[in-house]
Amino acid sequence: MKTYEQINNRIESGKAVVLTADEIIDYVEKKGLATAAKEVDVVTTATFGPMCSSGCVLNFGHSKPKIRMSEAWVQDVLVYTGLAAVDVYLGATQLRHSDPANMDHPGEFRYGGGHVMEDLVAGKTLQLFGLSYGTDCYPLREIRTYFTIGDLNQAIMLNPRNCYQNYNVAINDSQRSIYTYMGTLEPDRKNASYCSAGQLSPLLNDPYYETIGVGTRVWMAGAHGHVYAEGTQHAGGGARTPDGIPKGGAGTLALTADMKQMRQEFVRGMSFRGYGVSLALGIGIPIPILNKDILKRTCVSDREILAPVVDYSTDYPQNTGKVLCHVNYEQLRSGEIEVEGRKVAVGSLSSYYKALEIAHLLADEIRRGDFRLVEPIAYLPKETTMKPLVIREKPL
Amino acid sequence: MSQTVTKKLMLFFPRCECEKPIIYHLVKDHNLIVNVYRAKVTPDEEGYLVLDVTGTEEDIQQGMTFVKTFNVSVNYTGKGVTLDEEHCTHCGHCITHCPTEALHITNRATREVAFNEAKCIECLACIRVCPFGACSSAF
């Protein structure tokens, strides 16, 4: 048994033993659980992939004369202005003004909120255009100016849902190509697409949310942020394997961090042909090895994690809940899965390569004493399930 | 007889009035086997042609000398499709869409993605599916 304080003391003295979530598997096999639990202080987990429910709060400071923006665009991407005068919220999936979207199907969706966030972190000069109805205290009615992230008072990423614990494998059961947020899916189950870091993924290494909770310090694209709430659609109460690994989406995290500390290579705009725009984000989360049960759960391997294969031509859009079968991440990473007796080529949207890089970067920061662990101030619910949206008649 | 080799080439046609049947002459006069992957050669516009040529080193060299007489430049390395290492996140989404395994996992442990230009048939599927815009075409 170790405490957060003991682990942080070891980090401070430069003596912490830190391994990544893939290294720990062999380490525990070699040393045994009891010995490893005494030796190892922290296991680092990570993920890099599309996280649509992301965005950022920007504060521009006040112009002379002042404006209370009632509508605004950054790089022609609409931002939300229903906040104080010069605060806006930029969402990752907001499409640039005048983008033809799917008018000429499948559309290209070249630029949107995710790309603005990438350009902002990259230090590029961006355009702000804002309108206002004008008031006595905020008389300016129109503004067009250019800024970089350095000019902003705050650029704070504020993501309602990141780090899905597990995720669907998308397949297309129809006879035409379909264009989804899981990429282009060829007809007749010709290919499949998955999206998780599997054995490296944060919440798959802490399936019961014993260490990752509200307040947990996380590595977000190089910045030190934290979990500020359970993520939207967090549903820890779904089906699990006997070892406790969720067999579907399950837990999620709401994360925040200062974008001024972020690195562009981990904040990347995405364009999905025929679907839309998004943001790929790199996140690392350390798991303190408080006891051997927590350590045991970080030893989860791709073979033990099951993902549901779902048809995105009918079952997903019609919300039928049907799962064709489950496959494990070892099979997924082989590039080929078997679905109802037929082999299907499978590709990933989540980058294991980047996740591995992040797990190592975070491990190095902890070893250097630059990243300390924080005990959650509240824990994520384990039993909740996800409610559907019921389309009702207007009540009398 | 000398050994035959296959080379993948990209020909660049600057704005010219090249209306000669170049490919015909490569086959007929220079004994080359030609496999055109992709071409865009339009009068009064810049043009590109990506192809494999198979023949002896000598015949290929003479064929290219002939091609250059039309002010056409021959690129022995640069291809019509490129993977931008800076933009690639190695997610591997392109791999199931690449019909020839030109895009492939080069390291099973790290899942690093690499592009083997020699295998690329320029179908451009990767350009359509890469969410990061890491694949691009010269034309």
Filtered residues of the range B:1-34 (kept if assigned to a loop (DSSP other than H, G, I, E, B) and either β-branched (Val, Ile, Thr) or within 19 Å of residue B:70 (Cβ to Cβ) (or both)): B:14, B:15, B:16, B:17, B:18, B:19, B:20, B:21, B:29, B:30, B:32
Picking from A:366, A:337, A:285, the residue that is among the β-branched types (Val, Ile, Thr), in contact with a Pro (Cβ under 7 Å, 6 or more places away or on another chain) and in a strand (DSSP E or B) would be A:285
So, of the residues in the range A:341-369 that are basic (Lys, Arg) and over 30 Å from residue B:125 (Cβ atoms), which turns out to be farthest from the other protein chains (Cβ to nearest Cβ)? A:368
Residue tally, condition in contact with a Lys or Arg (Cβ under 9 Å, 6 or more places away or on another chain) and either in contact (Cβ under 8 Å) with a residue 60 or more places away in the chain or of a type in the set (A, V, I, L, M) (or both), over the range A:77-95: 5
Hits in the range A:331-363 (condition: of a type in the set (A, V, I, L, M, F, W, C) and more than 19 Å from the chain's Cα centre (by Cα)): A:332, A:337, A:339, A:344, A:345, A:346, A:363
For the range A:278-303, name all the residues that are within 14 Å of chain B (Cβ to nearest Cβ) and open to solvent by 10 Å² or more (accessible area, probe 1.4 Å). A:301, A:302
Assess whether residue B:94 counts as being within 26 Å of residue A:178 (Cα to Cα), at pLDDT 95 or above and in contact with a helix residue (DSSP H, G or I) (Cβ under 6 Å, 6 or more places away or on another chain). yes
Look through A:194, A:228, A:208, A:275 and report the one residue that is open to solvent by 10 Å² or more (accessible area, probe 1.4 Å), modelled with pLDDT of 95 or more and within 13 Å of chain B (Cβ to nearest Cβ). A:275
Can you find a residue in the range B:99-109 that is more than 11 Å from every other protein chain (Cβ to nearest Cβ), buried (at least 21 other Cβ atoms within 10 Å of the Cβ) and out of contact with any Lys or Arg (no Cβ under 8 Å at 6 or more places or on another chain)? no
Pairs with Cβ under 7 Å, 6+ apart, first in the range A:308-334 and under 12 Å from residue A:170 (Cβ atoms), second aromatic (Phe, Trp, Tyr) and in a loop (DSSP other than H, G, I, E, B): A:310/A:316
Go through the range A:125-146 and report how many residues are open to solvent by 10 Å² or more (accessible area, probe 1.4 Å) and either outside any loop (DSSP other than H, G, I, E, B) or of a type in the set (D, E, K, R) (or both). 10
Would you point out which residue out of A:306, A:332 is in contact with a Ser or Thr (Cβ under 8 Å, 6 or more places away or on another chain) and either of a type in the set (Lys, Arg) or within 14 Å of chain B (Cβ to nearest Cβ) (or both)? A:332
From the list B:35, B:31, pick out the single residue that is farther than 23 Å from residue B:124 by Cα and either open to solvent by less than 50 Å² (accessible area, probe 1.4 Å) or in contact (Cβ under 8 Å) with a residue 12 or more places away in the chain (or both). B:31
Could you list all residues from the range A:233-267 that are within 14 Å of another protein chain (Cβ to nearest Cβ) and either at pLDDT below 95 or open to solvent by 10 Å² or more (accessible area, probe 1.4 Å) (or both)? A:263, A:264, A:265
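For (1) outside any loop (DSSP other than H, G, I, E, B); (2) of a type in the set (Val, Ile, Thr), each residue gets a yes or a no:
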{"site": "B:36", "(1), (2)": "yes, yes"}
{"site": "B:44", "(1), (2)": "no, no"}
{"site": "B:48", "(1), (2)": "yes, no"}
{"site": "B:58", "(1), (2)": "yes, no"}
{"site": "B:64", "(1), (2)": "yes, no"}
{"site": "B:71", "(1), (2)": "no, no"}
Hits in the range A:191-227 - residues which are part of a loop (DSSP other than H, G, I, E, B) and within 13 Å of the chain's Cα centre (by Cα): A:195, A:196, A:197, A:201, A:221
Candidates A:365, A:330 - the one that is in contact with a helix residue (DSSP H, G or I) (Cβ under 7 Å, 6 or more places away or on another chain) and surrounded by 14 or more Cβ atoms within 10 Å (Cβ to Cβ): A:330
Subset of the range A:148-164 that is touching a Ser or Thr at 6+ places or on another chain (Cβ under 7 Å) and open to solvent by less than 50 Å² (accessible area, probe 1.4 Å) - its residue that is farthest from residue A:193 (Cα to Cα): A:148
Could you check the range A:33-89 and list, in sequence order, the residues that are within 30 Å of residue A:3 (Cβ to Cβ) and under 23 Å from the mean Cα position of the chain (by Cα)? A:42, A:43, A:44, A:45, A:46, A:47
Regarding residue B:122, is this residue out of contact with any Leu (no Cβ under 9 Å at 6 or more places or on another chain) and either at pLDDT 95 or above or open to solvent by 40 Å² or more (accessible area, probe 1.4 Å) (or both)? no
Could you please let me know if residue B:54 is open to solvent by 50 Å² or more (accessible area, probe 1.4 Å) and either polar (S, T, N, Q) or within 14 Å of chain A (Cβ to nearest Cβ) (or both)? no
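The values are calculated or read from the model by the stated rules, or taken from the named source; none is laboratory data. Quantities reported herein were computed from a predicted structural model and do not represent experimental measurements. All Cβ positions, glycine included, derive from the backbone under ideal geometry; neighbour counts span all protein chains shown. Accessible surface is based on the protein model in full, side chains and every heavy atom, while ligands, DNA and RNA are left aside. Shrake-Rupley method; radii C 1.70, N 1.55, O 1.52, S 1.80 Å.
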